[in-house]
Amino acid sequence: MDDIDFALLGLFAADDVNKRTELVLGQKKLIHYCSADTALKIIKNREIWLRNVRVMNDYMEVNHGFNLIRKSLQPPVDTAIETGMNEVKKALDVIHPGIADEAFSRFQIWSPYIQYETYVTCLSEHLDDENEDGRLSMWRNYSSGQAGVGIVINTSMFARTDDALGVYSSPVTYLSDPALEYSLMQVAQRIRDRAGFLSTVPRETLIGHFFLLLRTISHGSKHPGFKEEREWRIFHTYGMDELKILKVTSESLGGIPQRILKLPLDGTIEGLSVADLVDKILIGPSQYQGVIGTALADELDRAGKKDAYKNIKYSPIPLRT
C-alpha cells in the first residue's frame, strides 16, 4: 500500500483507520469466543475457518448493512442515508464527473458476491475489565450451548498493509440511519477539503476507494442494538478476492455440507502461527474447566507456545444450572 492509498483511507475510511491504530498501537487484544471443541480444532489443526455468512447465527444482522445501502439506491427516496450518500456523490463529481455512479454500478454488479459469497471469522475487542471474567453475553451467544472458550489474540497482524493472506479485516460499525448519514457527511466534507489532492489521483483509484466504502458499509455494519459485541471481522469474498494462502474445502457442520475457507496458522507467513497469535486462552463457565484447560494447554505446547500452561485462565463466573 503506497502513500496515496494511505491518504485515501484517511478520507474514505477514517473510522477504520482510527480504530485500527488504536488497536495496534495501544497493544489491545481481540478475543474469539467459540466452543471448546472449536478452540481445540483451531490449535490442533493450525488453522482458522471462515464460514459463509448465510450459515452464521447472525445472518440477518449481516444483512443490516445491505439494507442500509439499498436505502440509498432504491425508493423511497430522501432517506437520511440517501442524503448523506448524495453529498459524497456531489463532492466526488466535482473532481471526476460520473465517478460515483460508476462505483455504484460496479457495486451492484458485485453485490450478489458480497452478500452471498462472503466468508468471515468474528472476533471481539477484549476489554481490560473483561480480562479475568470474559463477557457473559458472549459466553451465552457464541459457545453453541457447549463449554465456551475465548482465544485472546495478539493484534500485531492487524497492522499489515499487504494483501498476501487473501483475507481482510475491519471493525464492525453499529450505526443508526442518522448516524450513518452523519458519517457520510463527514466523508463528503473531507473530500471537499482535499479536492486539490484528489484531482491528482487517478480516476480508477478513486472509484476503488469509494467502492471499498460501499463494501465496508454493506458487510461491516450491524444494528446499534449489538454494539456491546464490539466486533471485528476477518473476511473474504469468494469469486471477487484472490485466495492467496486460503485453502478451499468442504465440511459438514450440524448436518449442513458447506464450503469452508481455511486460513493456515502454520507459520508459513511470518507471525501467522498459533504460537505468535495466541496471547492466552480463557476457559468459560463449565463444570469441565480443568479438563478443557489441560487439553488446550497440551495442544498449545505442541504448537510451540512458550509457557503454554501459564496461558490458560479460567473465568470465575459461577456456572448457572
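The values are calculated or read from the model by the stated rules, or taken from the named source; none is laboratory data. The structure displayed is predicted, hence computed values, not measured ones. Positions of Cβ are backbone-derived with ideal geometry, glycine not excepted, and every protein chain shown enters the neighbour counts.
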At least 3 residues that are at pLDDT 90 or above in each: list the helices (runs of 4 or more DSSP H) lying fully within the stretch 1-84 that qualify.
-> 3-12, 14-25, 36-45
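Okay, residues lined up against (1) closer than 22 Å to TYR33 by Cα; (2) at pLDDT 95 or above:
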| site | (1), (2) |
| --- | --- |
| PHE104 | no, no |
| PRO112 | no, no |
| SER124 | yes, yes |
| GLU130 | yes, yes |
| TYR142 | yes, no |
| THR161 | no, no |
For the stretch 158-176, name all the residues that are over 28 Å from LEU68 (Cα atoms) and in contact with a helix residue (DSSP H, G or I) (Cβ under 7 Å, 6 or more places away or on another chain).
-> ALA159
Select from the stretch 8-37 the residues that are among the aliphatic types (A, V, I, L, M) and exposed (fewer than 15 other Cβ atoms within 10 Å of the Cβ) and write down the one among them that is farthest from ALA188 (Cα to Cα).
-> LEU25
Pairs, first in contact (Cβ under 8 Å) with a residue 40 or more places away in the chain in the stretch 223-239, second of a type in the set (A, V, I, L, M) and part of a loop (DSSP other than H, G, I, E, B), C-beta under 7 Å, six or more apart = PRO224/LEU175; GLU231/VAL172; TRP232/VAL172; ARG233/VAL172; ILE234/VAL167; PHE235/VAL167; HIS236/VAL167; HIS236/LEU246
Which pairs do you get when a residue that is surrounded by 14 or more Cβ atoms within 10 Å (Cβ to Cβ) and in a helix (DSSP H, G or I), found in the stretch 129-150, comes within reach of a residue that is modelled with pLDDT under 85 and of a type in the set (S, T, N, Q), reach meaning Cβ atoms under 9 angstrom, with the pair 6+ apart or on two chains?
-> ASN141/ASN57; TYR142/ASN57
Within the stretch 86-103, residues being of a type outside the set (D, E, K, R), over 12 Å from LEU214 (Cα atoms) and in a helix (DSSP H, G or I) number 6
Do you know which of the residues in the stretch 201-239 that are of a type in the set (S, T, N, Q) and crowded, with 18+ Cβ neighbours inside 10 Å is modelled with the highest pLDDT?
-> THR237
Between a first residue in the stretch 153-165 that is assigned to a loop (DSSP other than H, G, I, E, B) and surrounded by fewer than 13 Cβ atoms within 10 Å (Cβ to Cβ) and a second residue that is modelled with pLDDT of 85 or more and hydrophobic (A, V, I, L, M, F, W, C), which pairs have beta carbons less than 7 Å apart while being 6 or more apart in sequence or on different chains?
-> ALA164/ILE269
Looking at GLY271, GLY284, GLY304, which one is touching a Ser or Thr at 6+ places or on another chain (Cβ under 8 Å), within 30 Å of ARG54 (Cβ to Cβ), touching a residue at least 12 places away in the same chain (Cβ under 8 Å) and not charged (D, E, K, R)?
-> GLY284
Mind counting the residues in the stretch 210-239 that are under 17 Å from the mean Cα position of the chain (by Cα) and in a loop (DSSP other than H, G, I, E, B)?
-> 4
Every residue from the stretch 79-112 that is touching a Pro at 6+ places or on another chain (Cβ under 7 Å) and without any contact (Cβ under 8 Å) to a residue 40 or more places away in the chain = none
